[in-house]
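See below for the structure under consideration.
Bear in mind these aren't lab numbers, they're just calculated from the coordinates by the rules spelled out. Given the structure is predicted, the values throughout are model-derived calculations rather than measurements. Reconstructed Cβ throughout: ideal geometry from the backbone, glycine too, with neighbour counts over all protein chains shown.
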Amino acid sequence: MTTQSLKTLTFLAAIVLFLPLPIMQYVAEESYYALGSYEIFVDKHWWHQSVFGLAWPKTALYNWLIIGVAQLIGWQHLEIATRIVSVSASLGSAAVVFFMARRMFPKQVNAPWLGALIYLTMGEISFWYGWLGYADATFGFFIFAAISSLWIAIEERQVKWLLISLLLISLAFLTKNISCYVMYISAGLVLLWRYRSWDLLLKPFFVLPVLISFTLPWIYQNLILDGGANTSIAIGDAMRNFLGYELLKYVSHWLSYPLLFLGRAFPVTLILIWLYLKDKQRFVMSSELVTILYILLICLLPFWLSAAGTPRYLIPFYGLLALVLTGLTLQLNFKRSALVLKIIAIVILIKVPYSFAALPYIKDWRPERDIQAVVEDIMQITDGKTLRTMNDVSTGLSIGCYINVRTPHDQYLRWYDGKERRVYVLSEMEDPKLGKLVKHWRLQGHHTYLYWQP
């Protein structure tokens, strides 16, 4: 395992992260973020999102980043802009892994590059959420960077690192929601315990910045949004993972969630488990690695104890897991280290046909999957006449995105209020009250109806 080989593989892993960006049409919720970004830019309501002109009280930092990229590459490439932001965040997380690995393993010259490589080739990062135009990669980057900065602040008792961590966790909140503070506080308590630094809670220079920073959610929700809707949405989303499920669903989730976390971090997790079980490889857990495991346990516990925590909730923790995997991989002998690198190289190679053939075939190329073909039909039929929508499923949002970037900014697709006449209306359900049915499409498991309201 040479430094040069690690550098080469790391750069290749970073490059293949970009491969799906210009190929794929909108995937699921990508269009929600793209649509919100477009409407923020057009209507100038910079502090909250909207969907088809209807206000949606969620933070907008991710949208601001998308707007910046779209302004550079052109709004006609809006779906690519959302993904560039996510890939940039994933590369940022890899940089944090690099930095923390250099601190944690100062005598191992290969550790930083190995850590970054392990992170970038994790299945969840390379093949899905690391490039997908969701807020999760950006949210995860800010949380991981904030926890890492907090670690240094507590270990070295330095206020400057505390201020950096507070800035980062504030950016995490502005990216998505208030749940980031739960992870941040949980990690902080573990670090205070592990470094026996409870006395920091009595030092004004540590406590006051934290208290001031933690007022941001209140300021945003009560002074900017004029109400607590953002928190209500976050709490509602969290409670939906706990309420209304049978005991069997809970048990199934409790058993599968840790396996899901490790499995989606393949290939290195699976290699190390195989070496431990089959080849009797034994590992030594340093104090830092044990600390990370405690942080992972405490932070993952709410999602683990739920009945329906999804894989996207795990994104902030893959950077920490990459550090653990780095520490364990460094303990392998030359032969086993070479095996790890060979399998990582194979995963990087697999990403090429996955990006250019497998994923587009699954998502876009099969019958009744082509969103842009439906958009062409709609625009030919409507021929510049006013178009409204009552279709807010993922395909409806995607249709809206593609139509918006092909029409003047002030004519973007808005929600139908039921009062306008002489307009076309898109709907996800068949509804004769909307007027005369002009055409119907089946698209990615959903229905799209186009009506003429005389």
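Give me the extension gain from Asp377 to Arg282: residue separation times 0.36 nm, minus the current Cα-Cα distance, reported in nm with one decimal. Mind dumping the intermediate values first?
Details: separation 95, 0.36 × 95 = 34.20 nm, distance 6.11 nm.
Stretched fully, the Asp377-Arg282 segment lengthens by 28.1 nm.
Restricting to bridges with both residues inside segment 371-453, how much of the DSSP beta-bridge set is antiparallel, in percent to the nearest 5? Around 65 percent of the beta bridges assigned by DSSP in segment 371-453 are antiparallel ones. For segment 57-199, the square roots of the Cα gyration tensor eigenvalues, ordered a ≥ b ≥ c, give a/c of at least 1.5 with a/b no greater than b/c, which places it in the oblate category.
A straight chain from Ala28 to Phe356 at 0.36 nm per residue would run longer than the Cα-Cα distance by 116.2 nm. The base-10 log of I(q)/I(0) for segment 103-175, evaluated at q = 0.15, 0.23, 0.26, 0.28 Å⁻¹, reads -0.64, -1.04, -1.06, -1.09 [Debye formula, identical scatterers on Cα atoms, solvent excluded]. Ordering Asn177, Gly188, Tyr38 by the projection of their Cα atoms onto the charge dipole of the chain, which places +1 on the Cβ of Lys and Arg and -1 on the Cβ of Asp and Glu, puts Gly188 at the extreme positive end. Modelled spin-label separation between Lys203 and Phe242, with each label point placed 7 Å from Cα along the Cα-to-Cβ direction: 3.5 nm. Rounded to the nearest 10 degrees, the angle from helix 394-404 to the longest Cα principal axis of the chain is 70 degrees. Its relative contact order, with pairs defined as Cα atoms under 8 Å and 6+ residues apart, puts the chain at 18 percent. The overall shape of segment 371-453, judged from the alpha-carbon gyration tensor, is rounded, with an a/c ratio under 1.5. Restricting attention to the chain, close to 70% of DSSP beta bridges with both partner residues there are antiparallel. In a reduced charge model with +1 at each Lys and Arg Cβ and -1 at each Asp and Glu Cβ, segment 371-453 shows a dipole moment near 260 debye about its Cα centre. Summarising the label geometry, the points placed 7 Å from Cα in the beta-carbon direction at Ala338 and Gln108 lie 2.0 nm from one another.
Of the residues Ile66, Pro454, Tyr276, the one whose Cα sits farthest toward the positive end of the charge dipole of the chain, with +1 on the Cβ of Lys and Arg and -1 on the Cβ of Asp and Glu, is Tyr276.
Distance from the C-alpha centroid of segment 293-356 to that of segment 359-436: 39 Å, rounded to the whole angstrom. Counting only Cβ charges, +1 for Lys and Arg and -1 for Asp and Glu, the dipole size of segment 3-358 around its Cα centre is about 1260 debye. Computed over segment 380-423, the P(r) tail beyond 15 angstrom holds 43 percent of alpha carbon pairs. Taking each of Lys44/Lys160; Lys7/Lys160; Lys280/Lys342; Lys278/Lys335 in turn, the alpha-carbon distance tops 25 angstrom for Lys44/Lys160; Lys7/Lys160. If you take the Cα centroid of segment 36-62 and the Cα centroid of segment 246-281, the two points sit 39 Å apart.
Summing +1 for each Lys or Arg and -1 for each Asp or Glu among the other residues whose beta-carbon sits under 15 angstrom from that of Met122 gives +1.
Using bins of 10 Å that start at zero, the share of Cα-Cα pairs per bin across segment 300-369 amounts to 15, 24, 31, 25, 4, 0, in whole %. Modelled label positions at Met1 and Arg366, each set 7 Å beyond Cα in the direction of Cβ, lie 3.9 nm from each other.
If I stretch the segment between Leu260 and Val290 completely, what's the gain in nm (0.36 nm per residue apart, minus their alpha carbon distance), one decimal? Please report the intermediate quantities before stating the final value.
Values: separation 30, 0.36 × 30 = 10.80 nm, distance 2.08 nm.
Net length gain for the segment: 8.7 nm.
With helices as the sole contributors, the chain gives -18500 deg cm²/dmol at 222 nm; each DSSP H run of n ≥ 4 counts as -39500 (n - 2.57), and the sum is divided by every residue. For the pair segment 92-146 / segment 167-187, the C-alpha centres are spaced 18 Å from each other. Computed about the Cα centre, the dipole magnitude for segment 23-96 is approximately 140 debye when only Lys and Arg (+1) and Asp and Glu (-1) carry charge, each at its Cβ.
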